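The structure appears below as structure tokens.
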Amino acid sequence: MFFGTIDDNVRRYIAGQADAFAGKEVVVGCSGNFTSEKVLATASQPAALHSNDVSLYTRLLADAMLGERTPVTIAEDAYAWLQPWV
């Protein structure tokens, strides 16, 4: 079952790896309650931090399994290049 969080041991591990992420562009796919992002933003000060909610993945996987298609809208012009794949 998905609880949308990671435990304290994993949080401490991510914080302990802060140097690896400092000043880098970090992309976290399939976030739950954005705990990894919160830890990274506080512990490592990445240059940029991008993430998305897990519900996008589960919806698109369900579409693939059921042969359906959920309309996806690109809201930011900077990501318009993704339009051919939505």
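Total residues in region 31-86 satisfying the condition of being acidic (Asp, Glu) and over 28 Å from residue 15 (Cα atoms): the figure is 4. Looking only at residues in region 52-78 that are open to solvent by 50 Å² or more (accessible area, probe 1.4 Å) and of a type in the set (Asp, Glu), the one that is farthest from residue 5 (Cα to Cα) is 77. For region 30-51, a residue qualifies if it is open to solvent by 40 Å² or more (accessible area, probe 1.4 Å) and not in a helix (DSSP H, G or I), and the qualifying residues are 30, 33, 34, 45, 47, 49, 50, 51. Scanning region 18-29 for residues that are surrounded by 13 or more Cβ atoms within 10 Å (Cβ to Cβ) and not small (Gly, Ala, Ser) yields 21, 24, 26, 28.
The values are calculated or read from the model by the stated rules, or taken from the named source; none is laboratory data. Quick caveat: nothing in here was measured; it's all calculated off a predicted structure. So basically every Cβ, Gly included, is an ideal-geometry build from the backbone, and we count neighbours across all protein chains shown. Just the protein is used for accessible areas: all its heavy atoms, side chains included, with ligands, DNA and RNA removed. Shrake-Rupley method; radii C 1.70, N 1.55, O 1.52, S 1.80 Å.
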